[in-house]
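Here's the structure we're looking at; comments come further down.
The values are calculated or read from the model by the stated rules, or taken from the named source; none is laboratory data. These numbers were taken from a predicted model, which means no experiment stands behind them. Please note: Cβ atoms are built from the backbone with ideal geometry, for glycine as well, and neighbour counts cover all protein chains shown. These accessible areas exclude ligands, DNA and RNA; they are computed on the full protein's heavy atoms, side chains included. Shrake-Rupley method; radii C 1.70, N 1.55, O 1.52, S 1.80 Å.
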Amino acid sequence: MQHTQPAPFPEGFLWGASTSGYQVEGGWDADGKGRSIVDARTQFPAGTTDYTVASDHYHHVDEDVALFAELGLKAYRFSVQWTRIVPDGDGAENPDGIAFYHRLIDGLLAHGITPVLTMYHFDLPQALAEKGGWGSRATIDAFVRFAEILYREFGAKVPYWLTINEQNMMVLFGGTLGIIDGPDNADVNVYQKNHHMLVAQARAMELLHRTVPTAKIGPAPNIAYVYAESCRPEDVLAADDFNAVRNWLYLDAAVHGRYNATAWAYLEAKGLTPTIEPGDLEVMAAAHPDFLAFNYYATHTAAAPLEGDDVPIEGGDQHISFGEPGYYRAVANPHLPKNAFGWEIDPIGFRMTFRAIYDRYHLPLLVTENGLGAFDVLEADGTVHDDYRIDYLRDHIAQIQQAISDGVDVLGYCPWSAIDLVSTHQGIAKRYGLVYVNRDDDDLKDLARYRKDSFAWYQKLIAGNALPD
Ligand code: BGP
């Protein structure tokens, strides 16, 4: 049903934008920062850059915050780098690193921008990875101590907290993307690592509720509603399996403190069930997230598995959507256009994803990523005509209004990304920003910032709290 008069955006809607520390800051070893597994990486896809300089936000922070203020942002979602604050993950604190994030947060607050802080965005301290990483329960304790430091330092300034960015992507594609805990711990069952992250997340939520009662906290998975390729029951079953393994395993655990039954049966069948220590499920059930953040790029489509184990990767190998032998086969959706990187574009799927999450959990929802990666071009006059990004954002924001009219409680929207930054796996040439950063993968240039056409468009949308005509 299409609401012909969709609800207006509520007053106070959090129009934001997002980045992550390792992809935007650079300053990879500045002022006492330790090495994360990102810094320890030596292999990068051909033609892509590393993260040592990234967008050099570390040295442009005041300028960038001024640009966010010029945009009129009501919120800014960013992540703190664990190794800037505790360089080896569980040892001494780094005052210079803590000071950097105070400077960022104070700058945001001075401009009336609400900080939305992600505690962990793929950047495990390498020193912890070398001691077992997420495969070790000691990392749970290290994360909770890290949370304690964050809450002591920033609890009074930051109202919205996100625990772990895209834990499900770390589990499902961590090996491919090198984003879970480095090559040292490949022998540990990834669902044991996942369980440790679920416990760490729950303990961090409980600690915030106890020590900073005015603040709110939630998980930040990447949620994509999964369609069935056809009404053939085998395809519908495959889509349900994919939804359980990709989406509901993580949110059922975060919200209810239990493993989704279908997902657990899958783990049992695969011999991948984690060891659950006494008390873990009680800790998880006591977390009670205040809201759910999620990142949405597109829906996925599933079909019944093919015989045999050779499961083709469909949907384009750039669109990270693999099959699972014996359960589901990821297939392309012939009804959807794709971006330059093979990612499907599905605004109505955004509405479906809102509904699916809200119907299951009935908690306020915050979109912490949604955007279009593209090969933007900086013109000689300093302009960037990214009308394709304006179209993407407009079409998806229109569906937020439809979701609100459907009765979904939406707190805000933070498109990926505030400024150009280095992709998780496809370099800085894959640009998402409202602001262009003048560097290439193989040439740092001057790192100057340029406002894209989407900057003015989003600025106008925020000022009017409504889609521009
Ligand atoms: C999400 C990550 C972000 C960002 C985004 C775009 O998975 O949370 O860090 O990378 O995807 O993906 P990519 O950079 O691969 O284009």
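Kindly establish whether residue 258 is open to solvent by 40 Å² or more (accessible area, probe 1.4 Å), under 26 Å from residue 275 (Cβ atoms), of a type outside the set (Asp, Glu) and part of a loop (DSSP other than H, G, I, E, B). Yes: the conditions hold for residue 258.
Listed by first and then second residue, the pairs linking a residue in segment 321-334 that is closer than 19 Å to residue 296 by Cβ to a residue that is at pLDDT 85 or above and open to solvent by 40 Å² or more (accessible area, probe 1.4 Å), with Cβ atoms under 9 Å apart and 6 or more places separating them unless they lie on different chains, are 322/172; 332/338; 333/227; 333/229.
Filtered by the rule that a residue be over 14 Å from residue 327 (Cα atoms) and part of a helix (DSSP H, G or I), segment 212-248 gives 247, 248. For the condition part of a loop (DSSP other than H, G, I, E, B), modelled with pLDDT of 95 or more and farther than 17 Å from residue 251 by Cβ, residue 278 qualifies.
Restricting attention to segment 209-242, the residues that are open to solvent by 10 Å² or more (accessible area, probe 1.4 Å), under 24 Å from residue 163 (Cα atoms) and over 18 Å from the mean Cα position of the chain (by Cα) total 6.
Taken over segment 440-469, the criterion of being under 16 Å from residue 394 (Cβ atoms), aliphatic (A, V, I, L, M) and open to solvent by 30 Å² or more (accessible area, probe 1.4 Å) is satisfied by 456, 463, 466, 467. Scanning segment 335-390 for residues that are assigned to a helix (DSSP H, G or I), open to solvent by 20 Å² or more (accessible area, probe 1.4 Å) and within 15 Å of the ligand (Cβ to nearest atom) yields no hits at all.
I'd like the full set of residues that are aromatic (Phe, Trp, Tyr) and open to solvent by 30 Å² or more (accessible area, probe 1.4 Å), limited to segment 39-85. Residue satisfying the conditions is 44 alone.
Yes/no matrix, rows are residues, columns are (1) within 19 Å of the chain's Cα centre (by Cα); (2) within 30 Å of residue 129 (Cβ to Cβ):
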site	(1), (2)
8	no, no
20	yes, yes
28	no, yes
33	no, yes
38	yes, yes
41	no, yes
51	yes, yes
55	yes, yes
59	no, yes
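Being in a helix (DSSP H, G or I), touching a residue at least 60 places away in the same chain (Cβ under 8 Å) and surrounded by fewer than 24 Cβ atoms within 10 Å (Cβ to Cβ) is true of residue 176. Inspect all residues belonging to segment 109-130 and state whether any of them is within 19 Å of the chain's Cα centre (by Cα), in a helix (DSSP H, G or I) and buried (at least 20 other Cβ atoms within 10 Å of the Cβ). There is no residue in segment 109-130 that is within 19 Å of the chain's Cα centre (by Cα), in a helix (DSSP H, G or I) and buried (at least 20 other Cβ atoms within 10 Å of the Cβ).
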